[in-house]
1. Is it true that residue 208 is at pLDDT below 90, buried (at least 17 other Cβ atoms within 10 Å of the Cβ) and at negative phi?
2. Output the residues belonging to the stretch 115-150 that are in a loop (DSSP other than H, G, I, E, B) and more than 24 Å from residue 179 (Cβ to Cβ).
3. Go through the stretch 397-440 and give me each residue that's surrounded by 23 or more Cβ atoms within 10 Å (Cβ to Cβ) and more than 26 Å from residue 367 (Cβ to Cβ).
4. So which of 160, 169, 212 is over 17 Å from residue 122 (Cβ atoms) and in a helix (DSSP H, G or I)?
5. On the basis of being touching a helix residue (DSSP H, G or I) at 6+ places or on another chain (Cβ under 7 Å), in a helix (DSSP H, G or I), over 26 Å from residue 338 (Cα atoms) and modelled with pLDDT under 95, does residue 427 make the cut?
6. Here is a list: 233, 196. Which entry is without any contact (Cβ under 8 Å) to a residue 24 or more places away in the chain, surrounded by 19 or more Cβ atoms within 10 Å (Cβ to Cβ) and part of a helix (DSSP H, G or I)?
7. Within the stretch 216-225, can one find any residue that is under 26 Å from residue 372 (Cβ atoms), without any contact (Cβ under 8 Å) to a residue 24 or more places away in the chain and either in contact with a helix residue (DSSP H, G or I) (Cβ under 9 Å, 6 or more places away or on another chain) or not in a helix (DSSP H, G or I) (or both)?
């Protein structure tokens with residue numbers, strides 16, 4: 001079904017039955033949402049969960065402190081929800097990790113074409129699966145079909161904030177802008193250019209971002225902005241991407257088919273002309289930087305000389321970019337084997353093959369060893385899309401960030417624990433340990449307590465909470481936590497386990513034998 005093809009760009013979910021997940025594996029190959037950008041350290045702001053952005057819908061996307069707000073606001077509307085909505089909703093409310101349940105719910109609300117029900121379903125879905133780029137597009141399309149252009153734009157923005165590396169989602173968004181903005185409005189072109197810029201900053205360092213760059217170049221060409229085109233090539237020719245060679249071929253055609261004076265800024269043109277003049281033994285005085293652009297060529301009246309100069313300039317421009325290309329080709333070749341081995345760059349709930357996990361691990365180690373910080377972060381961001389449900393990669397990412405940004409570490413742990421891995425103990429314990437190390441004892445307490453409420457009866461979490469209180473001198477709280485564990489034990493052996501811990505605690509820590 002169309003819904004199932006929505007790219008459940010989903011990653012392995014051990015808790016989900018495998019049959020839940022074949023939906024969309026085919027379409028998913030188009031998706032390559034991979035990496036992102038030169039404003040990469042703002043990864044911490046850009047990569048927020050979608051519910052952190054303002055939300056135009058009745059439904060409150062946060063599930064946390066105020067669950068009854070949504071029921072208050074939408075009671076009347078919900079009375080008119082399609083007949084089977086509650087049946088589908090209950091499945092995912094009982095088990096938010098049941099991906100198939102979500103697929104059926106979203107398929108149902110889309111078929112029923114019931115906007116309030118669809119908003120409620122999509123908004124809740126994205127608190128668990130923000131990396132499903134295909135579903136962001138479905139949601140935006142649904143709003144657009146109801147002529148809610150503003151809401152559709154808002155959905156795209158939320159999606160792009162949740163998954164800024166999605167080349168596909170950027171392309172869909174830019175096409176949406178081209179369809180919906182008024183061509184007669186003088187602001188339209190700058191809005192579209194702004195979106196392209198944001199897109200290449202966010203996703204343009206992705207090895208598979210070529211379609212986005214090509215689209216940007218073609219659009220500037222259509223507008224007749226040859227200098228802008230040159231300037232975009234100046235950037236893409238320095239970025240290792242899959243079609244690096246194709247870009248260079250097109251760049252050479254761009255230079256051969258246009259006059260240098262139309263391709264370069266005045267300053268670049270004059271500088272190049274002076275450089276060539278000095279090489280050819282002329283003084284180059286006729287091309288002082290202060291001159292207007294026309295003085296660059298118009299003082300050559302001899303047509304043959306003019307043609308020679310134009311050819312020399314073209315040759316020199318290509319020569320300069322050939323050096324960039326050679327360096328870039330070398331960078332591409334170092335990464336090619338790793339890139340070729342990535343079979344699933346998108347997010348899916350099906351487990352990844354071991355060989356895929358091994359490739360990601362080795363690629364990350366290579367980039368940490370050889371790449372810039374920005375490239376490492378981009379690769380981690382790509383990796384945690386594809387491997388979102390594997391805590392090892394989130395942990396590796398957080399550990400890497402420790403040498404770069406405390407806020408960055410916190411952001412990685414927070415995304416891992418609150419969105420993708422709410423039931424994995426190790427990443428929660430490491431996050432709590434990190435916060436404790438930073439002196440945020442209350443936050444460490446909150447993380448462990450919240451996790452324990454989510455997964456009841458895990459001894460290691462209860463003991464971790466006890467140790468935390470002991471380390472900070474709260475002996476009574478430590479004792480209380482152990483007594484509570486004895487009281488709520490589900491078996492004799494569990495009860496004895498905690499009773500022994502409690503006795504040792506009282507004996508060793510408090511030397512409080514009479515008790």
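The values are calculated or read from the model by the stated rules, or taken from the named source; none is laboratory data. Source: prediction; values computed, not measured. Methodologically, a virtual Cβ is constructed for each residue, glycine included, from the backbone with ideal geometry; neighbour enumeration extends over all protein chains shown.
1. no
2. 129, 130, 131
3. Within the stretch 397-440, 428, 432 qualify.
4. Exactly one residue qualifies, and that residue is 212.
5. The answer is yes for residue 427.
6. From the options 233, 196, the qualifying one is 196.
7. For the stretch 216-225, residues under 26 Å from residue 372 (Cβ atoms), without any contact (Cβ under 8 Å) to a residue 24 or more places away in the chain and either in contact with a helix residue (DSSP H, G or I) (Cβ under 9 Å, 6 or more places away or on another chain) or not in a helix (DSSP H, G or I) (or both): present.
So that you can scan it fast, the table gives a plain yes or no per residue for (1) part of a helix (DSSP H, G or I); (2) surrounded by fewer than 21 Cβ atoms within 10 Å (Cβ to Cβ); (3) at negative phi:
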{"site": "349", "(1), (2), (3)": "no, no, yes"}
{"site": "362", "(1), (2), (3)": "yes, yes, yes"}
{"site": "368", "(1), (2), (3)": "yes, yes, yes"}
{"site": "375", "(1), (2), (3)": "yes, yes, yes"}
{"site": "382", "(1), (2), (3)": "yes, no, yes"}
{"site": "385", "(1), (2), (3)": "yes, no, yes"}
{"site": "392", "(1), (2), (3)": "yes, yes, yes"}
